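Single-structure report; data block below.
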Amino acid sequence: MSQFLFHLEALLRHRKNQERERQRELAAIAADMNQLQAELRGLNEMTTATLADLRENRLVGKLDVQFLAAHRRYILSVQRKSILIAQKMTLVQRQLDDARVKLMEAARQRKMMEKLREKRELEWVAQQNHREFLEADDIGTRLACAERNDVGEDAP
């Protein structure tokens, strides 16, 4: 019995490779987003810890105006960094959304090829079954004819 051969197998492999590439791209962008989120969390935690330290230790007794001014400049600097990171996160989020769309499209293209392959394979199996049926029918017909000829020759 012959084996099923899908003539677009190379295209199916190509579509699978494209989908894997889109998955890698999405993962890389997601890693960038995670890094930015970690940076932002770190800055927020540092700001919270610095403000807590200021409230607990620096606002008691004699106030150091220079320290307070330096602390204010530091907080403003951290806020600017946070804003820049948030802006980068917005851009990366757009890239992430685009990468998801591309991945969904690549998956859709691959699924289309897989469904076509399945359809062609089912058609091939049906053709094979039909051929086998015809061959079996032909053999049965030949045997029946041969038996009739044998019976006809045995009669006097």
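The values are calculated or read from the model by the stated rules, or taken from the named source; none is laboratory data. Just so it is clear, the model here is predicted, and its values are computed rather than measured. Heads up, the Cβs are rebuilt from the backbone with ideal geometry, glycines too, and the neighbour counts pull from every protein chain shown. Accessible surface areas use protein heavy atoms only, side chains included; no ligands, DNA or RNA. Shrake-Rupley method; radii C 1.70, N 1.55, O 1.52, S 1.80 Å.
Overview of results
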| item | result |
| --- | --- |
| Degrees, to the nearest 10: 9-53 long Cα axis against longest axis of the chain | 20 degrees |
| Gain in span if fully extended, D64 to A144, counting 0.36 nm per residue against the direct Cα distance | 17.3 nm |
| Accessible area in square angstrom per residue, the chain, 1.4 angstrom probe | 78 Å² |
| Count, lysine Cα pairs under 18 Å in the chain, 8 or more residues apart or across chains | 5 |
| Gaussian network model of the chain, springs between alpha carbon atoms under 10 Å - residue of L96, L40, L63 with greatest fluctuation | L63 |
| Gain upon complete extension [I75, N17; 0.36 nm per residue less C-alpha separation] | 16.1 nm |
| Sulfur and carbon atoms: percent of accessible area, the chain [1.4 Å] | 55 percent |
| R94 versus L43: modelled label distance in nm, points set 7 Å from Cα along the beta carbon direction | 1.9 nm |
| Residue-averaged [θ]222 nm for the chain, counting only DSSP H segments that reach four residues, each worth -39500 (n - 2.57) | -33000 deg cm²/dmol |
| Normalised contact order of the chain, rounded percent, pairs of Cα under 8 Å and 6 or more residues apart | 48 percent |
| Label point at R120 placed 7 Å out along Cα→Cβ; residues across segment 1-32 whose backbone nitrogen lies under 18 Å | 2-18 |
| Rounded tilt (10° steps) of 65-154 against the dominant C-alpha axis of the chain | 10 degrees |
| Dimensions (Å) - segment 25-156, Cα atoms, principal axes, largest first | 139, 25, 13 |
